[in-house]
Amino acid sequence: MPANHRKVTIIGSGPAGHTAAVYLARANLEPTMFEGMMANGFAPGGQLTTTTDVENYPGFPEGILGGELMDKMRAQSERFNTEIITETIAKVDLSQRPFKLWREGNEDESEPTDTADALVFSTGASAKRMFLPGEDKYWQNGISACAVCDGAVPIFRNKPLAVIGGGDSAAEEAIYLTKYASHVFVLVRRDKLRASKVMADRLLRHPKVTVLFNTQATATHGDGSLLNALTIKDSNTGEEKSLAVNGLFYAIGHEPATSLVKGQVELDSEGYIVTQPGSSLTSVEGFFAAGDVQDKRYRQAITSAGSGCMAALDAERWLSEHELEGEVPAASPQ
Ligand code: FAD
Ligand code: NDP
């Protein structure tokens, strides 16, 4: 297949990618988006396609289903003539411009399938899960990996809840959940927290929180439709017992989808793309990152969308500056 050259290409189709598409398309940059084909385990549209009600995305006072929100974002990208390709990018070469891209199935070819002067990289991330016995049944029916997203739903109101993890996320999520829960148990597998001192102190002092050290969950249980208990195990003695909780929130870390660009652009120690503060600029000129792939702190649809806007504006500015200087080859017709 001859290389299709484009001025700007977006890889990833979550809120970050679609927001970038709308801004780039409205700036007449004719973006192309690779939305993926179950890339990173997600359907096109990204993480929100795996959830039900989204109640914290502005503009939808009654809430909106995650899949429906992503369908609307896709329709908006198409309305301004974004070319959306339902394929996964399997390999990229950022060592020279134009950047080279290979679609899945073509990664062993010497010639790329596509090239681009600028790239917006918005491949997202996924929350780590433990896949405990029973988890398949109760995932999203009591088990979640996002307290901010799901904590307010009625099944968790005034109920005992558990958070697994001992880092800053676990501390933050547990404290957040105290607004809704009758009590929050934090299950920490070791004898100490990994969280920063300030977060750890806040957690340990909270009257509605009990931190259970040296404790691991080994199974989830419920009434067939909703979670109502965990089996927990003492890491030292191996002794098992039941913990009655109506919610389980994983906070054991996330996996950013950066394997495509590892070794080609600066990543932090946890694999997230490093962006210059307050921008989408990365260590590679012309390569802009947006959304959860560069954000381990907020990880929300609205913050991802906001950073997609930043990436589009940064790319637009970069392209126009470099075109003026004659550095970026003009886009050739496909
Ligand atoms: P993602 O949504 O992760 O999407 C990335 C997309 O890129 C995926 O579709 C993937 O298939 C595609 N992709 C990856 N690699 C490639 C490739 N190589 N080629 C082509 N395509 C590729 N946030 C909220 O604000 N409110 C909520 O209520 C909420 N609920 C949530 C519930 C659940 C169960 C989960 C998991 C998350 C929830 N979040 C919520 C978080 C929110 O979904 C994320 O913050 C947001 O989706 C991140 O957007 P993103 O654009 O960075 O990427
Ligand atoms: P971390 O990697 O920092 O912590 C993960 C926690 O989960 C650790 O306590 C780890 O245990 C535990 N864990 C991992 N796997 C398992 C498992 N299979 N079973 C039980 N426990 C497990 O991830 P975070 O998401 O908390 O934080 C990521 C980064 O984001 C950090 O740099 C953090 O500082 C930052 N962050 C900052 C915030 C803030 O400043 N307010 C808020 C949220 C995140 P162990 O310690 O034994 O390895």
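Output the residue which, of all residues in region 74-112 that are polar (S, T, N, Q) and in a loop (DSSP other than H, G, I, E, B), is surrounded by the fewest Cβ atoms within 10 Å (Cβ to Cβ).
Once the filter is applied, the top-ranked residue is S110.
Does V54 count as farther than 19 Å from A312 by Cα and more than 19 Å from the chain's Cα centre (by Cα)?
No, not satisfied.
Can you tell me which residues in region 232-268 are of a type in the set (D, E, K, R), under 21 Å from the mean Cα position of the chain (by Cα) and part of a loop (DSSP other than H, G, I, E, B)?
Hits for region 232-268 are E266, D268.
Only one of A170, A152 is more than 19 Å from E255 (Cβ to Cβ), surrounded by 16 or more Cβ atoms within 10 Å (Cβ to Cβ) and not assigned by TED's automatic domain parsing to the domain that holds E62; which?
Answer to the check: A152.
Touching a Lys or Arg at 6+ places or on another chain (Cβ under 6 Å) and within 14 Å of ligand 1 (Cβ to nearest atom): does that describe T32?
Against the criterion (touching a Lys or Arg at 6+ places or on another chain (Cβ under 6 Å) and within 14 Å of ligand 1 (Cβ to nearest atom)), T32 qualifies.
Pairs under 6 Å by beta carbon, first residue assigned by TED's automatic domain parsing to the domain that holds N56 in region 303-315, partner of a type in the set (A, V, I, L, M) and in a helix (DSSP H, G or I), six or more apart or different chains?
What qualifies is S304/A16; S307/A16; G308/A16; G308/A20; A311/A20; A312/A20; A312/L24.
Residue-wise test of (1) in contact with a Pro (Cβ under 6 Å, 6 or more places away or on another chain); (2) without any contact (Cβ under 8 Å) to a residue 24 or more places away in the chain; (3) within 29 Å of V153 (Cα to Cα).
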site: T9; (1), (2), (3): no, no, no
site: A20; (1), (2), (3): no, no, no
site: P31; (1), (2), (3): no, no, no
site: F34; (1), (2), (3): no, no, no
site: G66; (1), (2), (3): no, yes, yes
site: R74; (1), (2), (3): no, no, yes
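The values are calculated or read from the model by the stated rules, or taken from the named source; none is laboratory data. Quick caveat: nothing in here was measured; it's all calculated off a predicted structure. Counting neighbours? That spans all protein chains shown, and the Cβs are built from the backbone with ideal geometry, glycine included.
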